[in-house]
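Below you'll find the structure, written out as structure tokens, and then a few comments.
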Amino acid sequence: MSGNLIEGILKECERVRELRAFCVTIGPDGLFAIAGYDAAIFAGEAAVASGEAIDCVRALAILRDCE
């Protein structure tokens, strides 16, 4: 598997963690977004741990869709 793919996932996980931190400051209104961000981060970390290229590509796409 390409190191660039894993690096991309880890970079996107960090970006989504920053978005999640912002949503925490919003309070209860940010809970839905936090749940989505948590799921995306979990998918990214699980894909890296599994080492499956297809899972990594899917996880990266999920992470990149987070806004």
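Determine the shape class of the range 1-62: with a ≥ b ≥ c the square roots of the Cα gyration tensor eigenvalues, call it rounded for a/c under 1.5, and otherwise prolate if a/b is greater than b/c, oblate otherwise. Intermediate results must be reported in sequence, preceding the final value.
Values: a/c = 3.65, a/b = 2.38, b/c = 1.53.
Prolate.
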Mean accessible surface per residue for the chain, computed with a 1.4 Å probe while every protein chain stays in place, in Å²: 65 Å²
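Which percent of the accessible area of the chain is formed by carbon and sulfur heavy atoms (probe 1.4 angstrom)?
Values: 2650 of 4360 Å².
Carbon with sulfur: 61 percent of the solvent-accessible area.
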- request: Take each uninterrupted DSSP H stretch in the chain, measure its Cα extent along the helix axis, and return the ones at 20 Å or beyond whose mean Kyte-Doolittle hydropathy is at least 0.5.
  value: 31-50
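Given +1 on the Cβ of Lys and Arg, -1 on the Cβ of Asp and Glu, and no further charges, what dipole in debye does the chain carry about its Cα centre, rounded to the nearest 20? Please report the intermediate quantities before stating the final value.
Details: 6 positive and 11 negative charges, 11 e Å.
Around 60 debye, computed over the chain.
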Expected 222 nm ellipticity per residue - DSSP helices of 4 or more, -39500 (n - 2.57), all of the chain, to 500: -28500 deg cm²/dmol
- prompt: In the range 1-30, which residues have a backbone nitrogen under 19 Å from the label point lying 7 Å from ALA53's Cα in the Cα-to-Cβ direction?
  reply: 1-10
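The values are calculated or read from the model by the stated rules, or taken from the named source; none is laboratory data. Computed from a predicted structure; not experimentally measured. Heads up, the Cβs are rebuilt from the backbone with ideal geometry, glycines too, and the neighbour counts pull from every protein chain shown. When the accessible area is computed, the model is the full protein with side chains, heavy atoms only, and any ligands, DNA or RNA have been set aside. Shrake-Rupley method; radii C 1.70, N 1.55, O 1.52, S 1.80 Å.
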